[in-house]
Amino acid sequence: MDVQHRPTIHLVGERFSAFAANDGVATVNRFIGNIRGGLYDDLPHPVRLGAGQGVDASDWEVVAAELARRGLLSGFHLPAVPVVVPADLVHKRSQENVMLADARRRGPSRLAARLNLSDMNELVLDHVTGQHVAGMVLIEAARQLMHLANHELVVDGDAHSFVLCSLAAGFEGYVFPLGVDLECALTRLDTSKPARQDYSAEVLISQGGQTRARVRAEYQIVRTRSLTRQEAMLAAKAAASAEPDVPPRVCAAPVALRGERVPTTAS
C-alpha cells in the first residue's frame, strides 16, 4: 500500500480480508502491524481513516492506543465512533448481531441508519463469499431497520409485536464492506382493527450515492398479549397432530457401500 500518496485508508474487519487486498484498504490487524513496523512514521501529510465493515468501537480504541504509543496520533484523523442501536429494538439478544448504527428520522414515516457490521456477527462467522457483503446480510439489516422503524415511528413500548407476512428483495449491484446507508419508508395499509395494524415497508440500501438493493415487506403490528395466546394455541395443536417422521422405504434390495458388492440371491 502506497501510504505516502493516500489521503484515506479504509479499515475493515478480518472477515473481509479479501477486500483488504485492494489499495487503500487494510484489516485492523494489518494496520496495527504496519504501525508497529514504522510504515507510517514519515507521512508527508495527515491521513484520514475510513470506517469499513467489521470494525467496532473496541478496535478503534486499540488503533488509537497504538498510534499514540508511536507518537502518530496527530497524523491520523479517526472517524467518529458510531452509536449502535440497542439489541432489543431490532429483536436481537446479542449486541454483536445488531447491524445498525446512527439511526435518524427523515420525516414522519422515514427512518435512516448506517450499516454497522461486527466481525463477530452471526451471518459472517461461517464464511464471506468473495469481497462483497452477502445478500443475506443486507436482507437481515433491512429487517432490523423495519423493526426499528416500528419502535421509533409507530408504537411505543413492548406491548406490540412485528409479524412478517411477505418479503421480497432485489439487488442492483454489489455492496462492499465500506460505508452503507439504509433508509426505510413505511406505508400504513389498514388500521381499522384495534388489535392489528397492517403496514408495508421499503428499505433502500445504497453505497456511494447509488441504490444497490431494495427490500420490500408487508407485515402486521399486533398486540403481544393476543399474539402470544394465538401462538400457544397453534403450537399445542401442531404438537398434538404431529405424526412420527418415518422415512419412506425406497427399495427392498440392500445398498452397497463404497468398495463393497451388493449380495445377490439365487432365483
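Restricting attention to the range 13-23, does a residue exist that is outside the structural domain of Ile221 (by TED's automatic domain parsing), over 22 Å from Tyr174 (Cβ atoms), outside any loop (DSSP other than H, G, I, E, B) and free of Cβ contacts under 8 Å to residues at least 24 places away in the same chain?
no
Quick test of your reading of the structure: Val55 fulfils all but one of (1) in the same structural domain as Leu11 (by TED's automatic domain parsing); (2) outside any loop (DSSP other than H, G, I, E, B). Name the failing condition by number.
(2) is the only condition that Val55 fails.
For the range 141-180, which positions are charged (D, E, K, R) and over 26 Å from Arg93 (Cβ atoms)?
Going through the range 141-180, the residues charged (D, E, K, R) turn out to be 143, 152, 156, 158, 172.
The answer is Glu172, and nothing else.
Give the residue, chosen from Gly107, Gly130, Gly75, that is farther than 22 Å from Leu204 by Cα and either more than 19 Å from the chain's Cα centre (by Cα) or of a type in the set (A, V, I, L, M, F, W, C) (or both).
Working: Gly107 fails: farther than 22 Å from Leu204 by Cα; Gly130 fails: either more than 19 Å from the chain's Cα centre (by Cα) or of a type in the set (A, V, I, L, M, F, W, C) (or both).
The unique qualifying residue is Gly75.
Going by the structure shown, is Arg114 modelled with pLDDT of 95 or more, assigned by TED's automatic domain parsing to the domain that holds Leu167 and surrounded by fewer than 17 Cβ atoms within 10 Å (Cβ to Cβ)?
Answer is no for this residue.
Enumerate the pairs (first residue in the range 36-53 and over 15 Å from Ala68 (Cα atoms); second residue anywhere and part of a loop (DSSP other than H, G, I, E, B) and of a type in the set (Asp, Glu)) with beta-carbon separation below 9 Å, excluding pairs fewer than 6 apart on the same chain, so at least 6 apart or on different chains.
What qualifies is Gln53/Asp119.
With respect to Ala235, is the statement that it is among the small types (Gly, Ala, Ser) and within 27 Å of Ala103 (Cβ to Cβ) true?
Considered against the rule, which asks whether it is among the small types (Gly, Ala, Ser) and within 27 Å of Ala103 (Cβ to Cβ), Ala235 comes out as no.
Could you tell me which of the residues Gly75, Gly38, Gly33 is within 29 Å of Asn121 (Cβ to Cβ) and surrounded by fewer than 18 Cβ atoms within 10 Å (Cβ to Cβ)?
Result: Gly33 is the single residue among Gly75, Gly38, Gly33 that is within 29 Å of Asn121 (Cβ to Cβ) and surrounded by fewer than 18 Cβ atoms within 10 Å (Cβ to Cβ).
The values are calculated or read from the model by the stated rules, or taken from the named source; none is laboratory data. What you see is a predicted model; the values in this text were computed from it and never measured. Here Cβ is always computed from backbone atoms with ideal geometry, including for glycine, and neighbour counts include all displayed protein chains.
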